[in-house]
Amino acid sequence: MNFEEYKKAVFELNRYAYHYYVEDDPITTDEVYDKLYHEILEYEENNPFQVLDNSPTQRVGDVVSEGFHKALHKSRMWSLEDVFNEEDLKKWLSRVFKLDDRAAFYCEPKYDGASLNLIYNGGKLIQAITRGDGLTGEDITQNARTIKTIPLSIDYMELIEIRGEVVIFKSEFEKINEERARNGENLFANPRNAAAGSLRQLDSSITASRNLVFLPYGVGQNTLDISLLSKRMEFIYSLGFKTPPHRATCKWLLDIEKVYAKMKDERESYEMMLDGMVVKVDQIDSQESMGYTVKYPRWAVAYKFPAVEKITTVKDIILQVGRSGVITPVAIVEPTNIDGVVVERATLHNFDEIQRKDIRIKDKVIILRSGDVIPKIIKVLTHERNGDEIEVHRPSECPVCRSELLDEGALIKCQNLTCKARVVNSIIYFASKQCLNIDGLGERIVKALFDAGVVKSVEDIFSLTLDKLLELEGFKEKKSQNLLDAIENAKGCECWRFINALGIEHIGEVASKSLCSEFGLDFIDAKKTELLAIEGIGEEMAESILDFVRVNEEHIIRLLEVLHPKVPEPKAEVKENPFKDKTVVLTGSMSQSRTEIKEMLESLGAKVSGSVSKKTDMVIFGDDAGSKYDKAIELGVKAITEDEMKEMLND
Ligand code: IVH
């Protein structure tokens, strides 16, 4: 490698990294990336005076500082005024319109992390300063250089301060905390603390290991000649920075409310934590004329989301027995309103988790409610303990049937197949929406049927009669008849529902649908090789199906006899063609939309899949094909161009 080649290689590696970290859309494999990385490293070791500043090798974080130096921001970093409801937002808007009746707005997420000021000059990152008191912060340049979403060089030569928030994605946060728990270290209470803590590490290799992400939200000192904030931000993104998961320009209150509602509803699906939406006046000249109060810009406001984290007290820890017998501890907490929902329980996953987090009855804890998942305890406030807290021990007998439990470490199981909890939960699952969809078989009724001795297994629900039901307390004629009708209606259900309802471990709705379309009801006779040939079914799932069928064959057959599930009509025979019965993957941009091509191929009897595996028969690629193409080559899967596909069709 000579210097010219080295420069090209650095450019190429930066391009790979940009697509991987900023665009979330890799254009090569890890292997290709690593190979080039090591070639560059080797060149740099032999030519230490030629190392380019923006080489990805310069992000490793091998600098340990004694402490951080104070550094001045070139222009002040401001805070934001908060509003919490529509009424306050209206008040803010009317103040803004009084100052400038032409004002329009740019809305973007308010990220929950630590703010950072990046100073670029001559196209290079020269300094990174934490917010500090807004005027002076700490110089953490060495740490910022390890963050892959901060470009070390940009295609813009003038001095510019780019401001943004450093965050940790939720998935990464969980990983870090799991590892800290394994090492017996204190857990981070939330992604914000984790981000801020990781940014201020004296050993930059720790920062490097944390996978921090930088999200830009504005500029400080600059000489940009762009008169709208929204356009300025587009320019900043184009320099190689990450874009927000959602952004919009708005004119009126109603538009702003709409964007707010969307962000609030979707925020659980975003990778980073948001604590609100920021509304900013879009016109820069208008921002300048509005100016600042002592603390805040008059032209921006943070429209906060309701908090998702609250402090509460653990009142009790109870044990639940699932349909597979697994015992799950659940914390009963002091009822707490989070985002409009009163939370009374939080999942604890398993006993290892209780021990790891050292959760005790009467502990004060922080609970997090996100989306529709069950709230969880993210931290115990151990400094609030007064000695009255009660430790909980691993159970040795089933809380429901009192039989001895099997302790497998992470999982503790009740092995009694006739345990009331197991039977009741199996029936509830069997009747649930994604299974046989039988209305009226909720927890209360199933328990009543079990206690009365009329239903002791899933099969028994099909021998219920009106007379039997009417003998039970609380079962009136109408309600009983409705239940019987709902059970009757389940007969002739779609075959995948039947498979799903069996509750085979690792087999959910998607796998049930694949099994049904491949084998219909003959799935009980499928061989392992046949199961493994189905896209999406791997070793563990195949074993689980075989095991289940071996143990439960008679039960399955009896259920089949009462239910007679419907098997989908075999698709009309398509003529022989090179794509019939082939598993095909499409990648890259093509002359038509990929959906159109997908539909065309499906009409020829092909199965179009989203990912390349050994089971893929061919990959059809267009321009800018990325990792799927590479994977095909790596696995020796046939790869053809769109034109070649068309030729095959014409032939
Ligand atoms: S703008 C001139 N925009 O929130 C306005 N700040 O409460 C200054 N933050 O210190 C800030 N997301 O760390 C702005 N989209 C966003 C933001 C954002 C998060 C943080 C930032 C700031 C704090 C103010």
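The numbers here are math on the coordinates, done by the rules we state, and not lab data. What you see is a predicted model, and the numbers here were worked out from it, not measured in a lab. Ideal geometry is used to build each Cβ from the backbone, glycine not excepted, and the neighbour counts take in all protein chains shown.
Please name whichever of Pro399, Ser432, Val380 sits farthest to the positive end of the charge dipole of the stretch 358-442, dipole taken about the Cα centre and charges placed at Cβ: Lys and Arg +1, Asp and Glu -1.
The Cα lying farthest towards the positive end belongs to Ser432.
So how do His73, His393 line up by other beta-carbon neighbours within 10 Å, fewest first? Working shown, then result.
On the way: His73 22, His393 8.
Going from sparsest to densest Cβ surroundings: His393, His73.
So who's got an amide H within less than 5 Å of the one on Asn437, skipping anything under 5 residues away but keeping other chains? H placed 1.01 Å off N, in plane.
Amide H neighbours of Asn437, under 5 Å, 5+ apart: Ser432.
Label-point separation (nm) for Asp651 and Glu344, each offset 7 Å from Cα along Cα-to-Cβ?
Computed distance between label sites Asp651 and Glu344 equals 6.8 nm.
Only sites in a loop by DSSP and with at most 10 other Cβ atoms within 10 Å count here; which trypsin sites (Lys or Arg not before Pro) in the stretch 601-651 make the cut? Please list the in-between numbers first.
Numbers: sites: Lys607, Lys614, Lys615, Lys628, Lys631, Lys638, Lys646; in loops: Lys614, Lys615.
For trypsin sites (Lys or Arg not before Pro) across the stretch 601-651 that sit outside H, G, I, E and B with at most 10 neighbouring Cβ atoms in 10 Å, the list reads Lys614.
In the chain, with Lys and Arg counted as +1 and Asp and Glu as -1 at Cβ, which of these residues, Pro151, Thr312, Ala526, has the Cα nearest the positive end of the dipole, that is, farthest along it?
Comparing the listed Cα positions along the dipole, Thr312 ranks first.
Pull up the cross-link candidates among the lysines for Lys413, meaning alpha carbon to alpha carbon under 27 Å and not fewer than 8 places away within one chain.
Filter leaves Lys175, Lys315, Lys357, Lys362, Lys376, Lys379, Lys433, Lys447, Lys456.
Go through the cysteines of the chain and tell me which have no other cysteine Cβ under 4.7 Å away.
Cys107, Cys250, Cys435, Cys493
How much length is gained on full extension from Arg76 to Phe49, taking 0.36 nm per residue of separation minus their Cα-Cα distance? Mind dumping the intermediate values first?
Details: separation 27, 0.36 × 27 = 9.72 nm, distance 3.68 nm.
Stretched fully, the Arg76-Phe49 segment lengthens by 6.0 nm.
Relative contact order for the chain: what percent, with Cα pairs under 8 Å and sequence separation of 6 or more? Write out the running numbers ahead of the final one.
Values: 1103 pairs, mean separation 61.4, N = 651.
Taking the mean separation of contacting Cα pairs over the length of the chain, I get 9 percent.
Using the Cα centre as the reference, give the magnitude of the dipole from point charges on the C-beta atoms of the chain (Lys, Arg: +1; Asp, Glu: -1; all else neutral), rounded to the nearest 20 debye.
The dipole magnitude comes to about 1980 debye.
Work from the charge dipole of the stretch 157-289 (Cβ charges, +1 for Lys and Arg, -1 for Asp and Glu, about the Cα centre) and give the residue of Ser227, Ser171, Val279 farthest towards its positive end.
About the Cα centre, the residue reaching furthest to the positive side is Ser171.
Identify the GluC sites (Glu not before Pro) of the stretch 141-171 meeting these criteria: DSSP loop state and at most 15 other C-beta atoms within 10 Å of the C-beta. Before the final figure, lay out each step's value.
Values: sites: Glu158, Glu161, Glu165; in loops: Glu158.
Filter output for the stretch 141-171: Glu158.
Hey, what number do you get for the chain at 222 nm if only DSSP H runs of n ≥ 4 count, each worth -39500 (n - 2.57), divided across all residues, to the nearest 500?
Details: 22 runs with 231 residues, N = 651.
Value at 222 nm, helices only, nearest 500: -10500 deg cm²/dmol.
With 10 angstrom as the radius, rank Ile359, Ile338 by how many other C-beta atoms surround their C-beta, starting from the fewest. List each step's numbers first, then the result.
Working: Ile359 22, Ile338 18.
The fewest-first ordering by Cβ neighbours comes to Ile338, Ile359.
5 Å is the cut-off here: which amide hydrogens, built 1.01 Å from N in the peptide plane, fall below it relative to Gly164, excluding neighbours closer than 5 in sequence?
Leu116, Leu118, Tyr217
Looking at the chain, what % of its DSSP beta bridges pair antiparallel, to the nearest 5? Present the calculation step by step, with values, prior to reporting the outcome.
On the way: 71 of 86 bridges.
Expressed as a percentage, antiparallel bridges in the chain total about 85.
For Ala486 and Glu535, compute 0.36 nm times the residue count separating them, minus their Cα-Cα distance, and round to one decimal in nm. Display every interim value, and only then the final one.
Working: separation 49, 0.36 × 49 = 17.64 nm, distance 3.41 nm.
Gain on stretching Ala486 to Glu535: 14.2 nm.
Structure shown: which of Lys528/Lys615; Lys110/Lys258; Lys70/Lys110; Lys231/Lys295; Lys90/Lys258; Lys580/Lys607 lie over 18 Å apart, alpha-carbon to alpha-carbon?
Details: Lys528/Lys615 15 Å; Lys110/Lys258 16 Å; Lys70/Lys110 26 Å; Lys231/Lys295 26 Å; Lys90/Lys258 14 Å; Lys580/Lys607 8 Å.
Among Lys528/Lys615; Lys110/Lys258; Lys70/Lys110; Lys231/Lys295; Lys90/Lys258; Lys580/Lys607, the Cα-Cα distance tops 18 Å for Lys70/Lys110; Lys231/Lys295.
Sorting Tyr296, Tyr629, Tyr21 on the 10 Å Cβ count, fewest up front, what's the list?
Working: Tyr296 15, Tyr629 23, Tyr21 18.
So the residues, fewest neighbours to most, are Tyr296, Tyr21, Tyr629.
Simple spin-label model, 7 Å along Cα-to-Cβ: Arg594 to Ser324 in nm?
3.2 nm
Subtract the Cα-Cα distance of Glu234 and Val60 from 0.36 nm times their separation in residues, and report this length gain in nm to one decimal. Don't skip to the answer; put the middle values down first.
Numbers: separation 174, 0.36 × 174 = 62.64 nm, distance 2.91 nm.
Going from the current span to full extension adds 59.7 nm.
Only four residue types carry charge here, +1 at the Cβ of Lys and Arg and -1 at the Cβ of Asp and Glu. Report the dipole size of the stretch 347-435 about the Cα centre in Debye, rounded to the nearest 20.
Working: 15 positive and 13 negative charges, 71 e Å.
With Lys and Arg at +1 and Asp and Glu at -1, about 340 debye.
From the Cα gyration tensor of the stretch 433-557, with a ≥ b ≥ c the square roots of its eigenvalues, which class applies: rounded if a/c is under 1.5, or else prolate if a/b is larger than b/c, or else oblate? Let's see the in-between values first.
Numbers: a/c = 2.91, a/b = 2.41, b/c = 1.20.
It is prolate, given that a/c is not under 1.5 and a/b is the larger ratio.
Set the Förster distance to 60 Å, then compute FRET efficiency between Ala410 and Asp101 from the Cβ-Cβ distance, nearest 0.05. Each step should come with its number before you reach the end.
Numbers: r = 62 Å, r/R0 = 1.04.
Plugging the Cβ-Cβ distance into 1/(1 + (r/R0)^6) gives 0.45.
List the trypsin sites (Lys or Arg not before Pro) within the stretch 269-349 that DSSP assigns to loop and that have no more than 10 neighbouring Cβ atoms inside 10 Å. Please report the intermediate quantities before stating the final value.
Working: sites: Lys280, Lys295, Arg298, Lys304, Lys310, Lys315, Arg323, Arg345; in loops: Lys295, Arg298, Arg323.
Loop-located and lightly packed - Lys295.
Between Leu464 and Ser517, with labels modelled 7 Å along Cα→Cβ, what's the label distance in nm to one decimal, could you check?
Modelled inter-label distance: 3.3 nm.
Please give the Cα centre distance for the stretch 427-477 versus the stretch 537-607, rounded to the nearest Å.
33 Å
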